[in-house]
Amino acid sequence: MKTFLNIALLIYVAAVATYAYGRSVTVPVISVQPIEIAEAQLVKRSHCPVIASGYDDGKGGTRVGQVIGGILGSMVGDSNSDRRIGTAIGVMIGGDIGKRWNSNRPGVRYTEHCNTGYSNQVQRMVHGYKVTYKYHGRLETVILNYDPGSYITLETTTRVR
């Protein structure tokens with residue numbers, strides 16, 4: 001039994017002697033360089049130029065009223081002369097009624113014509129940081145996915161022999 005305990009103790013001491021334990025060490029950062037990669041992205045864009053689409057003299061309501069009044073006036077009377085007189089009177093009355101719908105702003109009419117397009121744009125994206133630090137008098141470099149700032153914390157392992 002004593003031999004068994006001695007062997008077990010020897011195995012335990014050997015295991016502890018070769019066991020690595022870790023600790024944290026904070027060291028200053030010498031430099032941080034972003035690692036950039038160019039990526040193409042499809043970007044949607046809308047373009048809406050304003051185009052002159054015609055001229056509005058402000059008398060559209062009068063014209064529509066004259067046409068409707070002329071048609072209605074031509075239906076009045078039995079003879080051609082009665083219809084001509086009815087047409088003339090209908091044109092005058094329809095024009096007066098149509099004035100109510102005239103626009104008060106004569107001039108060039110503008111219309112906005114929109115179209116949508118897509119274009120490739122290259123954008124530079126940061127995909128990591130190349131960090132240089134000094135540890136035990138040597139410069140070491142590591143790549144991280146974040147900017148560590150002025151100091152970096154290292155996890156070190158030490159073996160007992």
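The values are calculated or read from the model by the stated rules, or taken from the named source; none is laboratory data. In this text the structure is predicted, and so the values were computed from the model without any measurement. Using ideal geometry, Cβ is built from the backbone for each residue, glycine included, and neighbour counts are taken over all protein chains shown. Just the protein is used for accessible areas: all its heavy atoms, side chains included, with ligands, DNA and RNA removed. Shrake-Rupley method; radii C 1.70, N 1.55, O 1.52, S 1.80 Å.
Could you check the stretch 109-154 and list, in sequence order, the residues that are under 30 Å from T26 (Cβ atoms) and β-branched (V, I, T)? Before the answer, list the steps.
Within the stretch 109-154, the subset under 30 Å from T26 (Cβ atoms) is 125-154.
Correct list: V126, V131, T132, T141, V142, I143, I152, T153.
Under the condition of being without any contact (Cβ under 8 Å) to a residue 60 or more places away in the chain and polar (S, T, N, Q), which residue from the stretch 84-121 is nearest to G60 (Cα to Cα)?
From the stretch 84-121, those without any contact (Cβ under 8 Å) to a residue 60 or more places away in the chain are 84-109; that's our starting set.
If we keep only those that are polar (S, T, N, Q) as well, we get 87, 102-104.
Numbers: T87: 19, N102: 6, S103: 8, N104: 11 Å.
Applying the filter and picking the extreme gives N102.
Output the residue which, of all residues in the stretch 84-131 that are open to solvent by 90 Å² or more (accessible area, probe 1.4 Å) and of a type in the set (V, I, T), is nearest to the chain's Cα centre (by Cα).
Residue satisfying both the conditions and the ranking: V122.
Does T132 fit the bill of being farther than 30 Å from T153 by Cα and either in contact with a strand residue (DSSP E or B) (Cβ under 7 Å, 6 or more places away or on another chain) or not small (G, A, S) (or both)? I'd like the intermediate steps shown before the answer.
Details: farther than 30 Å from T153 by Cα: no; either in contact with a strand residue (DSSP E or B) (Cβ under 7 Å, 6 or more places away or on another chain) or not small (G, A, S) (or both): yes.
So T132 fails the test.
Residues checked against (1) at pLDDT below 80; (2) in contact with an Asp or Glu (Cβ under 6 Å, 6 or more places away or on another chain):
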position	(1), (2)
E36	no, no
L42	no, no
K59	yes, no
I71	no, no
N80	no, no
G107	yes, no
N120	no, no
V126	no, yes
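Do the conditions hold for L10, that is, is it loosely packed, with under 13 Cβ neighbours inside 10 Å and either closer than 30 Å to Y133 by Cα or at pLDDT below 85 (or both)?
Details: loosely packed, with under 13 Cβ neighbours inside 10 Å: yes; either closer than 30 Å to Y133 by Cα or at pLDDT below 85 (or both): yes.
Yes.
Filter the stretch 39-49 down to residues that are touching a strand residue (DSSP E or B) at 6+ places or on another chain (Cβ under 7 Å) and open to solvent by less than 60 Å² (accessible area, probe 1.4 Å), then give me how many there are. Before the answer, list the steps.
Start the filter on the stretch 39-49 by keeping residues that are touching a strand residue (DSSP E or B) at 6+ places or on another chain (Cβ under 7 Å), which leaves 39-48.
Now narrow it down to the ones that are open to solvent by less than 60 Å² (accessible area, probe 1.4 Å): 43, 48.
Result for the stretch 39-49: 2.
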